[in-house]
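Undergrad: Here it is, the structure, as structure tokens.
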Amino acid sequence: DRIGGLQINIKERINDRFGGAFLPPGEQRLNGGQILAYSRARHVPGGDLGRAAHQQHVVIALFEQFQPKSSAFDLMQLMANISSNVSSDLTVREMFYLGKAVFSVSRENIEATVLAGSTQTIGGASYVILNSGQAQKVFERVKAL
């Protein structure tokens, strides 16, 4: 809410009473509560993997909203908003330089990927079983960078 919400393109309707997410599809500006519900929603296509994709959408939306205006002042304001809600052992100086490095990356050089896998219930708990063959391909691509 402090940053004016985030613009998110929701691929398909979300009706997750457990996560409190009731969102229509399409491009829209979500407030803080809606972003949190969108990020937490597990009862979506793909289950936990779908939730991971939503969390990536939120991080990328934050990047896209702030990257064009990443002056030192804007970064300090963003970090002040974030740090009031996050615990970290990074110093303010370290956070500033990390933010500066992140926002200096071009959006075209960012790719979000959810590793392929499936969900399985084992002993009453839900697990994501990684598709190791597909994951290895992603890991090799990252190593090549």
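Undergrad: Show the residues, 5+ positions off or on another chain, whose built amide H is closer than 5 Å to the amide H of GLY117.
TA: ASN131
Undergrad: Amide H of ILE14: which non-local residues (sequence gap of 5 or more, or other chain) have their own amide H closer than 5 Å, using H built in the peptide plane?
TA: HN-HN under 5 Å from ILE14: LEU23.
Undergrad: In degrees from 0 to 90, rounded to the nearest 10, what is the angle of the helix 48-66 Cα long axis to the longest principal axis of the chain?
TA: With both axes taken from Cα atoms, the answer is about 20 degrees.
Undergrad: Continuing with this model, one more query. Straight-line reach from LYS11: which aspartates and glutamates fall under 13 Å, measuring Cα to Cα and dropping same-chain residues less than 8 apart?
TA: Leaving aside aspartates and glutamates fewer than 8 places away in the same chain, those within reach of LYS11 are GLU27.
Undergrad: Could you order ARG40, ARG17, ARG51 by accessible surface area, starting with the largest, using a probe radius of 1.4 Å? Each step should come with its number before you reach the end.
TA: Values: ARG40 140, ARG17 175, ARG51 65 Å².
Highest to lowest solvent-accessible surface, that is ARG17, ARG40, ARG51.
Undergrad: For the stretch 8-87, with every protein chain kept in place, what is the accessible area per residue (1.4 Å probe, Å²)? Please report the intermediate quantities before stating the final value.
TA: Details: 4620 Å² over 80 residues.
Here the residues of the stretch 8-87 average 58 Å² of exposed surface.
Undergrad: Right, here's the next one. So if R0 is 35 Å, what FRET efficiency would ASN109 and GLU12 give, r being the distance between their Cβ atoms, rounded to the nearest 0.05?
TA: 0.80
Undergrad: Just to be sure I understand the model, the point goes 7 Å from the Cα along the line to the Cβ. What's the resulting VAL138 to ALA72 distance in nm?
TA: The two pseudo-label positions are separated by 3.8 nm.
Undergrad: Helix 92-103: angle to the longest alpha-carbon principal axis of the chain, degrees 0 to 90, nearest 10?
TA: It works out to around 70 degrees.
Undergrad: Could you state the principal axis extents of the C-alpha atoms in the chain, from the largest down, to the nearest angstrom?
TA: Answer, in whole Å and largest first: 48, 40, 30 Å.
Undergrad: From the square roots a ≥ b ≥ c of the eigenvalues of the alpha-carbon gyration tensor of the stretch 10-61, which class results: rounded (a/c under 1.5), prolate (a/b over b/c), or oblate? Intermediate values should be presented prior to the final figure.
TA: Details: a/c = 1.32, a/b = 1.13, b/c = 1.17.
Rounded.
Undergrad: Still on this model: State to the nearest 20 debye the size of the charge dipole of the chain about its Cα centre, where the only charges are +1 on K and R beta carbons and -1 on D and E beta carbons.
TA: Details: 15 positive and 12 negative charges, 24 e Å.
My answer is approximately 120 debye.
The values are calculated or read from the model by the stated rules, or taken from the named source; none is laboratory data. The model shown is predicted, which means the values in this text are computed figures rather than measured ones. Cβ coordinates were reconstructed from backbone atoms using ideal geometry, including for glycine residues, and neighbour counts include every protein chain displayed. Remember, those area values only see protein heavy atoms, side chains included, never the ligands or the DNA or RNA. Shrake-Rupley method; radii C 1.70, N 1.55, O 1.52, S 1.80 Å.
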